[in-house]
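Let me begin by presenting the structure, written as structure tokens, before commenting on it.
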Amino acid sequence: MQYLLDIAGSVITGSIVLLMLIGVNSRINQHSADILITSNTTTNTIAAGNIIEFDFYKLGYLADTSLFIITEESKCKFRAEIDIDLPNPEEITYFIGSTEEISGTPNPNDKPLYRQINEQDPELIAVVTEFKVTYLDSVQKPIDYYLLTVQQHRDRIRAAKFYMKVESAELIEDYYPFIEWAKIIVPKNLKAQG
């Protein structure tokens, strides 16, 4: 009888330990998936930020006309020489689309961030939830958007602060993890005009 109690106790104890190991393994798998999703979101955000930086640092190079064409909160169009083989600086536009333009993502806040060069088809560079450009003067003070409808005020721009918020496409524990990217970029060609 004593042996049966020992065996039953061992089975119960072994079962509890096995269930604990299964629970720990499940939590480790979920945590690994969360890290992977967050890592992908971070990588995509940094890649889009690098593209913006590359283009905006080239702003004004070899341009002899007004550099800024459109200066809105979520749309920026400017002239920059990004392809030296072309005779004139390119017109580069960054703008955000609508949530309806993105399919295949469970996040209802996702919007496409496009980059368009000259009259080519826009290319998707990121899926964001927010994109904002703040235009700054020579002392890094923001210039009001309503003033930027006039070329004279667009010519005062010496830097721009870009802001992006990118949320994960996957819901993790009732929220979408997000990454924010913000950078003030001061192109050399704008400082020289100062």
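Rule-based calculations on the coordinates, nothing more; no lab input. These numbers come from a predicted model, not from an experiment. Using ideal geometry, Cβ is built from the backbone for each residue, glycine included, and neighbour counts are taken over all protein chains shown.
Pairs of Cα atoms nearer than 8 Å and 6+ residues apart set the relative contact order; for the chain it is 19 percent. A Förster distance of 30 Å, applied to the separation of the beta-carbon atoms of E53 and Y175, puts the FRET efficiency at 0.55. Helix 2-57 sits at what angle to the longest principal axis of the chain, using alpha carbons and giving 0 to 90 degrees rounded to 10? Around 0 degrees separate the two axes. Within straight-line reach of K141, meaning a Cα separation under 22 Å, sit the following lysines at least 8 residues removed in sequence or on another chain: K58, K75, K77, K132, K161, K183, K188, K191. With Rg and Dmax of the Cα atoms in Å in mind, check [x] 25.7, 99; [y] 27.3, 95; [z] 16.2, 52 and report the label derived from this structure. Only one option fits the structure, namely [x].
I need the chymotrypsin sites (Phe, Trp or Tyr not before Pro) found in the range 93-170, filtered to DSSP loop residues with at most 15 other beta carbons within 10 Å of theirs. Answer in residue order: Y145, Y146.
At most 14 other Cβ atoms within 10 Å and a DSSP loop assignment: could you name the GluC sites (Glu not before Pro) in the range 86-128 that fit? Here the sparse-neighbourhood loop sites are E119. Model label points for R27 and S138, set 7 angstrom from Cα along the Cα-to-Cβ axis, are 6.0 nm apart.
Dividing the summed -39500 (n - 2.57) terms of all DSSP H runs of n ≥ 4 by the residue count of the chain sets its mean residue ellipticity at 222 nm at -11500 deg cm²/dmol. Since only I125, G49, I157 are under comparison, the one whose Cα sits farthest along the positive direction of the charge dipole of the chain, derived from C-beta charges on Lys, Arg, Asp and Glu, is I157.
Could you work out which residue, out of P108, P89, P177, moves most in a Gaussian network model of the chain, that is, has the largest mean-square fluctuation with Cα springs under 10 Å? Residue with maximal mean-square fluctuation among P108, P89, P177: P108.
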